[in-house]
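Colleague: One structure, as structure tokens, below. Some questions next.
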Amino acid sequence: DQQVKQNSPSLSVQEGRISILNCDYTNSMFDYFLWYKKYPAEGPTFLISISSIKDKNEDGRFTVFLNKSAKHLSLHIVPSQPGDSAVYFCAASRSGTYKYIFGTGTRLKVLA
Amino acid sequence: DAGITQSPRHKVTETGTPVTLRCHQTENHRYMYWYRQDPGHGLRLIHYSYGVKDTDKGEVSDGYSVSRSKTEDFLLTLESATSSQTSVYFCATTGTSGYTFGSGTRLTVV
């Protein structure tokens, strides 16, 4: 059973517009969430995180929103740039477990 | 950057042979992990370690074993490789905000 789901395998966005990547989770015990970006032939790299005590975290062009009641988080990238083209994974964790459960990933393509 | 090195970067092996992948970290992190990445499945946890000689199973541990005799090294062994174990394998350690990943090992079982 997939505890963390990214239902859109791919997304294409024009350069300069907003990219919105979505992630849903089923385990209400998850209390820490992260987004990772992955380029081909490289390991995933940390992008941004959010704790369940917040509903929004912002870092430059990247903002993560958390809706605990809906068990949903989203990553907004504004403005999108061609260098943002990558696979994005969301991940969730429960305090004290030191393990992250990953979604299946969304491939973002930003068109110049 | 946790200084994680995976070796080898690429390997082709035959069905039924044992294979060992190595992960080496230079940051003295306590936790280390092995994940595999497959299309449609994302990243799935195979095994993890919370200290020297302390390991536990993840979601997809069947057919894999691990060992951690030193803090800096975490080995993943495919006891008898099968074609279903063709994948990209990532090692990770726990950093300040989450995981730091190695660059991956692409394993092909023919």
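The values are calculated or read from the model by the stated rules, or taken from the named source; none is laboratory data. Predicted model, so just to flag it, every value in this text is computed and none were measured. Glycine also receives a Cβ, built like all others from the backbone with ideal geometry; neighbour counts cover every protein chain displayed. Surface accessibility is based on the protein's heavy atoms, side chains included, excluding ligands, DNA and RNA. Shrake-Rupley method; radii C 1.70, N 1.55, O 1.52, S 1.80 Å.
Colleague: Among the residues of the range B:27-41 satisfying the criterion of being within 16 Å of the chain's Cα centre (by Cα) and part of a loop (DSSP other than H, G, I, E, B), which is farthest from the other protein chains (Cβ to nearest Cβ)?
Modeller: Checking each candidate, the answer is B:His29.
Colleague: State which residue pairs qualify: first residue within 27 Å of B:Val52 (Cα to Cα) and inside the range B:11-25, second residue outside any strand (DSSP E or B) and open to solvent by 20 Å² or more (accessible area, probe 1.4 Å) in any location, beta carbons under 7 Å apart, and separation of 6 or more residues or different chains.
Modeller: Close Cβ pairs (under 7 Å, with a partner that is outside any strand (DSSP E or B) and open to solvent by 20 Å² or more (accessible area, probe 1.4 Å)) amount to B:Pro18/B:Glu79; B:Pro18/B:Ser80; B:His24/B:Glu72; B:Gln25/B:Gly3; B:Gln25/B:Glu72.
Colleague: Kindly establish whether B:Thr82 is under 16 Å from B:Leu21 (Cβ atoms), surrounded by fewer than 16 Cβ atoms within 10 Å (Cβ to Cβ) and at pLDDT 95 or above.
Modeller: Against the criterion (under 16 Å from B:Leu21 (Cβ atoms), surrounded by fewer than 16 Cβ atoms within 10 Å (Cβ to Cβ) and at pLDDT 95 or above), B:Thr82 qualifies.
Colleague: Out of all the residues in the range B:97-107, is one or more open to solvent by 20 Å² or more (accessible area, probe 1.4 Å) and more than 9 Å from chain A (Cβ to nearest Cβ)?
Modeller: Within the range B:97-107, none of the residues are open to solvent by 20 Å² or more (accessible area, probe 1.4 Å) and more than 9 Å from chain A (Cβ to nearest Cβ).
Colleague: Using beta carbons and a limit of 9 Å, which pairs, at least six apart or on different chains, have the first residue in the range B:59-85 and at positive phi and the second one modelled with pLDDT of 95 or more and of a type in the set (S, T, N, Q)?
Modeller: Going by the 9 Å Cβ cut-off, the qualifying pairs are B:Gly63/B:Ser80; B:Gly63/B:Thr82; B:Gly63/B:Ser84; B:Gly63/B:Gln85.
Colleague: Inspect the range B:84-95 for any residue being more than 23 Å from A:Cys23 (Cα to Cα) and part of a helix (DSSP H, G or I) and give the result as yes or no.
Modeller: yes
Colleague: I've got another one for you. Can you tell me which of (1) closer than 27 Å to B:Val60 by Cβ; (2) away from chain B (no Cβ under 11 Å); (3) open to solvent by 20 Å² or more (accessible area, probe 1.4 Å) is the one A:Thr104 doesn't meet?
Modeller: Unmet condition: (2).
Colleague: Here's a follow-up. Among the residues of the range A:5-31, count how many are of a type in the set (D, E, K, R), open to solvent by 60 Å² or more (accessible area, probe 1.4 Å) and in a strand (DSSP E or B).
Modeller: 1
Colleague: Considering each residue of the range A:34-74, count those that are in a strand (DSSP E or B), within 14 Å of another protein chain (Cβ to nearest Cβ) and either of a type in the set (Phe, Trp, Tyr) or within 20 Å of A:Val110 (Cα to Cα) (or both), and give that number.
Modeller: Qualifying residue count, the range A:34-74: 11.
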